[in-house]
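The values are calculated or read from the model by the stated rules, or taken from the named source; none is laboratory data. Worth saying up front: this structure is predicted, and the values here are computed from it rather than measured. Note that we place each Cβ from the backbone using ideal geometry, even for glycine, and neighbour counts take in every protein chain shown. Accessible surface is based on the protein model in full, side chains and every heavy atom, while ligands, DNA and RNA are left aside. Shrake-Rupley method; radii C 1.70, N 1.55, O 1.52, S 1.80 Å.
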Amino acid sequence: MIPSRAARRTIAMIRAAAAIGAAACLIGCAHDLPMNTLAPKSDLAEWIYRLFLQLTAWDALIFAIVLVATALALFRFSTRVGEAAPSMSARSDLALEVAWTVGPALVLLFISIPTVALIFRSQPAQAPAGAMVIDVTAHQWWWEFRYPATGITTANELHIPVATQIRLELKSADVIHSFWVPALGGKRDVVPGQINHLTLQARDDGVYFGQCGEFCGLSHANMRFRVFVDSPQQFARWQQDQLVKPPGPPPSGPIADGAEIFASSPCTTCHTIAGVSKGVLAPNLTHFASRTTLAGGIMPNTADNLARWIENPSRLKPGAQMPALQVRGKSLDDLVAYIESLK
Ligand code: CUA
């Protein structure tokens, strides 16, 4: 049996309601996702989120008007089988012409005013007074964070204190990248030869995921990072730990053997370990073991993962610029023991 016109309409309405319900559910679930722009955790992210809601409201209004107009056209001008087609004659209507020119122009104006205002508000030319300045350098494919006031250098895990103005100075060591932490706002492109800025104040402490947001080569997707928004006490403790030079290796044992292997390896040309080597091309390893992840935030910082990484970086991260180190067996275990002792 062919369903009647009314039955078909009812089925279509039920389907539309189910789709809207599913979308609402997805948005609700998205609040628990690690990279969520709909749960802002900083002043910057909050401004962007509110602008998004405002623009979405305008979009919804336009969508509703278009839907109503479409429905009216469908029901008023549809022709049934056997009926003569309605006569259509073109005529000019000045009022209508003005309305559909001025209407969209006004909507564009309503959208552009808050958008342009937010662009300027979110990009102050100068760092706010008392802001903590952090140099961010994007590399293929990892992030370097330097704190000029204290001299701390770390990689892929940015620590900032909560409720503090933060000024990020974004630079690139090679190609264009984009710094993006959805919960904290962004994105902002990181362009070689110029310094871009991001100014924000995180509202809630926690760990927020970041990701390079601009295609930058083979391992663009593996260029991840984390932002640890610490309480003032946690941040002070972290800072203190980073400032202390890690103790040298004990006179004997695997850690001492690993230290010797490191000191005589090509690793020293790219990596810095305070008091041991002064490389600048690769992440600073002075406090490597204090980080929770390795290799651009792609895996947990464990001895097993570090050993797999040293053995063959490009298998885990295609295109990785770090060459495989020819150490195996006990030598590899000792090297890993040494690097994992660098708290
Ligand atoms: Cu760096 Cu994509």
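Listing for the model above:
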quantity: Subset tally (residues that are within 16 Å of the ligand (Cβ to nearest atom) and either under 25 Å from Asn301 (Cα atoms) or surrounded by 18 or more Cβ atoms within 10 Å (Cβ to Cβ) (or both)) for the stretch 188-215; calculated: 9
quantity: Checking Gly319 against (1) open to solvent by less than 10 Å² (accessible area, probe 1.4 Å); (2) at positive phi, the condition it does not meet; calculated: (1)
quantity: Inter-residue pairs, beta-carbon under 8 Å, first in the same structural domain as Asp174 (by TED's automatic domain parsing) and within 26 Å of Lys187 (Cα to Cα) and in the stretch 214-240, second surrounded by fewer than 19 Cβ atoms within 10 Å (Cβ to Cβ) and of a type in the set (Lys, Arg), 6+ apart; calculated: Glu214/Lys187
quantity: Residue that is farthest from Cys212 (Cα to Cα) [pool: residues in the stretch 117-143 that are among the aliphatic types (A, V, I, L, M) and crowded, with 20+ Cβ neighbours inside 10 Å]; calculated: Ile134
quantity: Some residue of the stretch 216-224 being buried (at least 18 other Cβ atoms within 10 Å of the Cβ) and more than 16 Å from the ligand (Cβ to nearest atom); calculated: no
quantity: Qualifying residues in the stretch 24-49 (those that are at pLDDT 90 or above and out of contact with any helix residue (DSSP H, G or I) (no Cβ under 9 Å at 6 or more places or on another chain)) - the one farthest from Pro182 (Cα to Cα); calculated: Asp43
quantity: Residue in the stretch 242-252 that is free of Cβ contacts under 8 Å to residues at least 60 places away in the same chain, assigned to a helix (DSSP H, G or I) and at negative phi present; calculated: no
quantity: Thr153 vs. criteria closer than 30 Å to Leu316 by Cβ and more than 16 Å from the ligand (Cβ to nearest atom); calculated: yes
quantity: Residues (within 16 Å of the ligand (Cβ to nearest atom) and open to solvent by 30 Å² or more (accessible area, probe 1.4 Å)) located in the stretch 225-241; calculated: Arg226
